[in-house]
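For reference, the structure is listed below as structure tokens.
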Amino acid sequence: MPIFDYRWMDDAPPYPDPVAHRTMAELTIRVGDTVATEVYDRYLREFRNHVFVPLSQVAEWAVLHWWRLLHEPAQASGPQRPGFAARHDLSHAGFGFALPQVSLRPLGEFVRAVATRSSPRDAALEFRADADALLRRDDLEGELVSLVEAVLARLRETGSAFPDLEADWRAIRTADADDRAFCRAAALAGLDPYDVPDAAADSLVRFWNEIPESMRRDALGSAPADALDALCRWLLEQTELLGEAASGEAWAGIRSRTRRGEPWDPPWERGYAAARAVRNELDAPPGPFVLHDDGSLAIHSRTVTAPSPGPGILGCVAADSPSCVIARRGHEARRFLVARSLGDYMGRDEPGPGVLGKLDSPRQAHSRAFAAELLAPEAWLRAQVGGARRVDPAAASRLAAELQVSPWVIQHQIRNHGIAEVPELRPAAA
């Protein structure tokens with residue numbers, strides 16, 4: 001099913017801008033099985049499944065933000081980078097015409113599309129869709145390519161010129177392999193690949209060449225672009241320390257025997273599956289999970305000062321074990337980070353050390369889901385909640401105390417698994 005479906009409006013009312021007039025269309029946007037452009041028009045007092053918008057403006061927005069739109073990841077917690085919404089939310093693509101709030105958030109080989117109910121400030125419209133779906137990045141990119149080229153073809157056919165769009169699109173489509181690699185790396189760092197100062201470009205290239213491939217993407221996506229040199233030094237120091245730290249010898253065998261889900265499953269589902277498999281392998285009793293400091297199941301951890309600036313980085317995991325260095329945190333948050341390091345080790349598909357951070361990337365989503373399910377298993381929570389429809393904050397705090405996790409972990413486990421309703425709680429640091 002296409003994400004974008006449109007029909008040119010040859011009978012569109014006159015509009016001062018000839019480019020906008022000649023590319024006016026009825027546009028339908030879908031997020032999974034949901035029509036994100038389902039709208040109630042308060043002025044006309046009617047429902048419809050499309051909006052009226054010049055596709056030239058949607059094409060211009062997509063081309064302007066191309067590399068970051070497809071490759072810049074979101075932060076799973078805390079504030080987003082400055083301008084993130086303008087680069088990833090389709091409601092910013094109308095330039096005065098109303099579009100729904102559909103956030104397109106790159107997630108590795110996928111893009112997470114989230115539609116949110118909204119009412120544009122200057123339009124008598126109510127967008128009514130709430131949806132959350134995973135799209136294949138290649139599918140989204142293919143549809144955007146088709147849309148941009150259809151807009152340019154339409155303008156040529158109608159004798160209208162949009163030379164800036166033509167030039168920018170030509171630069172994207174004719175980029176060679178090295179240029180495309182640089183553009184993707186710049187996008188990960190939140191930079192416009194066509195407007196990177198020389199000093200920042202040098203830092204980016206150094207970072208890419210010196211940091212292990214297994215860490216590059218998540219580290220670049222987690223740090224401020226002006227902190228790459230300091231972060232590079234910090235990561236190299238920590239990975240050297242990890243090379244000297246040994247965890248229990250049993251983990252390698254457990255990892256080899258543990259089924260980690262199917263490659264096409266969402267990363268959080270793979271994280272849940274891996275945690276359940278580990279608990280089963282260890283024959284762990286329901287409820288609290290013991291993280292060992294010694295013996296064959298030890299997870300070596302060392303507390304370090306987090307890189308500064310770089311609040312999105314919370315630690316590193318060794319290349320060949322769950323050994324980790326983690327930022328200084330309280331007891332519950334520290335347990336969660338150690339469990340995340342085990343999840344990173346259990347779930348990785350490529351050799352080399354890993355990063356623990358706040359990024360919304362496949363690897364980070366996997367380790368967060370793994371830690372949540374390892375420390376606060378769904379089945380145990382269901383048994384504790386029973387048939388209750390709602391879990392109040394006091395009950396969530398009691399469950400958290402018994403499992404030695406933050407109430408935030410309980411909140412998310414209960415919500416994500418559809419166990420019951422739970423009010424918004426104070427988020428944890430990890």
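Bear in mind these aren't lab numbers, they're just calculated from the coordinates by the rules spelled out. Since we're looking at a predicted model, the values are computed, not measured. Using ideal geometry, Cβ is built from the backbone for each residue, glycine included, and neighbour counts are taken over all protein chains shown.
Data table
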| item | result |
| --- | --- |
| Rh by Kirkwood over Cα pairs, then Stokes-Einstein D for region 153-301 at 0.890 mPa s and 25 °C, µm²/s | 123 µm²/s |
| Region 241-416: antiparallel DSSP beta bridges as a percent of all, rounded to 5 | 60 percent |
| Compactness relative to 2.2 N^0.38 Å, alpha carbon Rg of region 241-416 | 0.99 |
| Under the Karplus curve 6.51 cos²θ - 1.76 cosθ + 1.60, θ = phi - 60°, whole-Hz ³J(HN,Hα) for region 349-358, x wherever Gly or Pro sits | 9, 10, x, x, x, x, 10, 10, x, 9 |
| Additional length obtainable on full extension of the chain from Asp320 to Asp178, 0.36 nm per residue less Cα span | 48.0 nm |
| Three-way shape label, region 1-63, alpha-carbon gyration tensor, a/c 1.5 | oblate |
| Environment charge at Val39 (Cβ cut-off 13 Å; Lys +1, Arg +1, Asp -1, Glu -1) | 0 |
| Per-selection metrics, region 172-247 (Cα): Rg and Dmax in Å | 13.7, 48 |
| Nearest 10 degrees, 0 to 90: helix 213-222 Cα axis against the chain principal axis | 70 degrees |
| Mean Cα-pair separation over length for region 4-170, i.e. relative contact order, pairs under 8 Å, 6 or more apart, % | 23 percent |
| Normalised contact order of region 28-93, rounded percent, pairs of Cα under 8 Å and 6 or more residues apart | 21 percent |
| Percentage relative contact order, the chain, counting C-alpha pairs under 8 Å, at least six apart | 12 percent |
| Gained length - Glu109 relative to Arg233, 0.36 nm times residue gap less alpha-carbon distance | 41.8 nm |
| All-pairs alpha carbon distance profile, region 13-110, 10 Å steps from 0, percent | 14, 40, 33, 11, 1 |
| In nm, spacing of pseudo-spin labels at Ala200 and Ser146 (7 Å Cα→C-beta vector) | 3.4 nm |
| Alpha-carbon Rg with Dmax, taken over region 83-149, Å | 12.6, 37 |
| Whole-Hz ³J(HN,Hα) from phi, Karplus 6.51 cos²θ - 1.76 cosθ + 1.60, for region 392-404, glycine and proline x | 7, x, 5, 5, 4, 5, 5, 4, 4, 5, 5, 8, 6 |
| Helix axis angle, 55-64 relative to the chain longest principal axis, alpha carbon, degrees | 40 degrees |
| Equivalent ellipsoid semi-axes, the chain, via Cα gyration tensor eigenvalues times 5, rooted, Å | 43, 28, 17 |
| Theoretical FRET efficiency, 1/(1+(r/R0)^6), r = Cβ-Cβ of Ala76 and Glu46, R0 35 Å, to 0.05 | 0.35 |
| Residues His366, His21, sorted so that the one with the fewest Cβ neighbours within 10 Å comes first | His21, His366 |
| Computed [θ] at 222 nm, deg cm²/dmol, the chain (DSSP H ≥ 4; -39,500 (n - 2.57); rounded to nearest 500) | -13500 deg cm²/dmol |
| Residue with peak Gaussian network fluctuation, the chain [Cα springs, cutoff 10 Å], from Val290, Val63, Val409 | Val290 |
| Label-to-label distance, nm, for residues given as Ala388 and Thr158 (7 Å Cα→Cβ offset) | 5.9 nm |
